[in-house]
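Notes follow once the structure below has been shown.
The values are calculated or read from the model by the stated rules, or taken from the named source; none is laboratory data. No experiment lies behind these values; they were computed from the predicted model shown. Methodologically, a virtual Cβ is constructed for each residue, glycine included, from the backbone with ideal geometry; neighbour enumeration extends over all protein chains shown. Please note that ligands, DNA and RNA were not included when accessible areas were found on the heavy atoms of the full protein model with its side chains. Shrake-Rupley method; radii C 1.70, N 1.55, O 1.52, S 1.80 Å.
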Amino acid sequence: AGYTPAVYADARWSVLKLDMSELGEYDMWYASEQEEAGEYPYHYTMWQYTGEGEIPGIDGAVDVSISFVDYGEAKKQEQ
């Protein structure tokens, strides 16, 4: 369907519960609501840095992430 799969996890869950050696082909979406991403033993392409974000038109707090990969551009290059 053209989607790029990613593993979404915080540091504790990914270190204690996942076998990251089996997930190396997938992008990592790291969830850490600290001012800085901090120490993390794996490469990640996205970072959820807050659960208290504000988006005009949406009531209440929202999760906000940043992507270090332009997935739209990556898909264009694959074609």
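For THR45, the criteria (1) without any contact (Cβ under 8 Å) to a residue 24 or more places away in the chain; (2) among the β-branched types (Val, Ile, Thr); (3) open to solvent by less than 50 Å² (accessible area, probe 1.4 Å) hold in every case but one, which is (1). Residues of segment 53-78 that are open to solvent by 100 Å² or more (accessible area, probe 1.4 Å) and modelled with pLDDT under 85: LYS76, GLN77, GLU78. The residue that is farthest from ASP70 (Cα to Cα), among those in segment 1-42 that are part of a strand (DSSP E or B) and open to solvent by less than 70 Å² (accessible area, probe 1.4 Å), is ALA9. Remark: VAL7 matches the filter, which requires a residue to be touching a helix residue (DSSP H, G or I) at 6+ places or on another chain (Cβ under 8 Å) and hydrophobic (A, V, I, L, M, F, W, C).
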